[in-house]
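Below is one structure, written out as structure tokens; the observations come after it.
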Amino acid sequence: MEIKRYQVSAFRRPISNHYPCGEVSLHGIYRYETGNRAVETQKTLRSFTDEKDQKQFKNWNFDWVTPGGTFSYASDDKLLTYSSCLCMDIDYLCQPSEIDEENGDPVTELREKLLVDPYFETLLLFRSPRGRGLKWWIPIDLQKGDFRKWFTSVRNYMMQTYHLDEKQVDAKVGHESAGCFLGHDAHCYLKTELFEYF
């Protein structure tokens, strides 16, 4: 399978829309996250107190991408090119009442640790739309192992190194066409060298 470095498919909301609207680079995702497109929608999402209501609202109102690569349709068997990166979905790091992006919270603490992780380089890192987790994008070498083996290895590493439990490191995104919701994070991190890629 062809590798298209750091290019992924982009999808318009809702999550049930499986036809991509185009391709986007990690720099494009960074611009989305630091822009204003999802600010008000994200505020509404975080105003819900019921987790089921949050999930339903998120599924209907947030654009998303497939970190595993580009697709003609959001299904593992419709993969066109691998992105050569992996997005780890970390959640439930704090309670909704503990979210404090300006003064620091458990999400911010883990963010700082991931940025200096000794084994995996951070390509892109942003807070999840609900505010309780992170999306950690790292490079992988598919010649040294397939996508799913990489995911399992990195997940195990994260649980052991950062003392996270199975619920906090989502296992459901361990397949090629798994989606990643985009929101707003003014503190989104992008590796400097990737700013030249549009």
Hey, Phe57 free of Cβ contacts under 8 Å to residues at least 24 places away in the same chain and crowded, with 16+ Cβ neighbours inside 10 Å or not: yes
Index of the failed condition, Lys52 passing every other in (1) without any contact (Cβ under 8 Å) to a residue 12 or more places away in the chain; (2) closer than 20 Å to Arg5 by Cβ: (2)
Single residue of Ile90, Ile99 found to be under 25 Å from Gln42 (Cβ atoms), open to solvent by 40 Å² or more (accessible area, probe 1.4 Å) and either without any contact (Cβ under 8 Å) to a residue 24 or more places away in the chain or hydrophobic (A, V, I, L, M, F, W, C) (or both): Ile99
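Just the residues that are open to solvent by less than 30 Å² (accessible area, probe 1.4 Å) and either of a type in the set (Lys, Arg) or modelled with pLDDT of 95 or more (or both), please, taken from the range 175-198. Full working, then the answer.
Our first condition is that a residue be open to solvent by less than 30 Å² (accessible area, probe 1.4 Å); within the range 175-198, this holds for 176-178, 180-183, 185, 188, 190, 194.
Within the range 175-198, Glu176, Ser177, Ala178, Cys180, Phe181, Leu182, Gly183, Asp185, Cys188, Leu190 meet the criteria.
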Residues that are within 25 Å of Asp77 (Cα to Cα) and out of contact with any Ser or Thr (no Cβ under 7 Å at 6 or more places or on another chain), drawn from the range 151-177: Phe151, Thr152, Ser153, Val154, Arg155, Val169, Asp170, Ala171, Lys172, Val173, His175, Glu176
Search result, residues across the range 23-54 that are surrounded by 15 or more Cβ atoms within 10 Å (Cβ to Cβ), small (Gly, Ala, Ser) and outside any loop (DSSP other than H, G, I, E, B): Ser25, Gly28
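Let me confirm something: among Tyr162, Tyr189, Tyr119, which residue is touching a residue at least 60 places away in the same chain (Cβ under 8 Å) and out of contact with any Cys (no Cβ under 8 Å at 6 or more places or on another chain)?
Values: Tyr162 fails: touching a residue at least 60 places away in the same chain (Cβ under 8 Å); Tyr119 fails: touching a residue at least 60 places away in the same chain (Cβ under 8 Å).
Just one listed residue meets the conditions, Tyr189.
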Lys78 vs. criteria at pLDDT 95 or above, open to solvent by 40 Å² or more (accessible area, probe 1.4 Å) and in contact with a Phe, Trp or Tyr (Cβ under 8 Å, 6 or more places away or on another chain): yes
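The values are calculated or read from the model by the stated rules, or taken from the named source; none is laboratory data. Just so it is clear, the structure is predicted and the values come from calculations on it, not from any experiment. Neighbour counts are summed over all protein chains in view; Cβ atoms, including those assigned to glycine, are modelled from backbone coordinates with ideal geometry. Heads up: the accessible areas ignore ligands, DNA and RNA and are worked out on the full protein's heavy atoms, side chains in. Shrake-Rupley method; radii C 1.70, N 1.55, O 1.52, S 1.80 Å.
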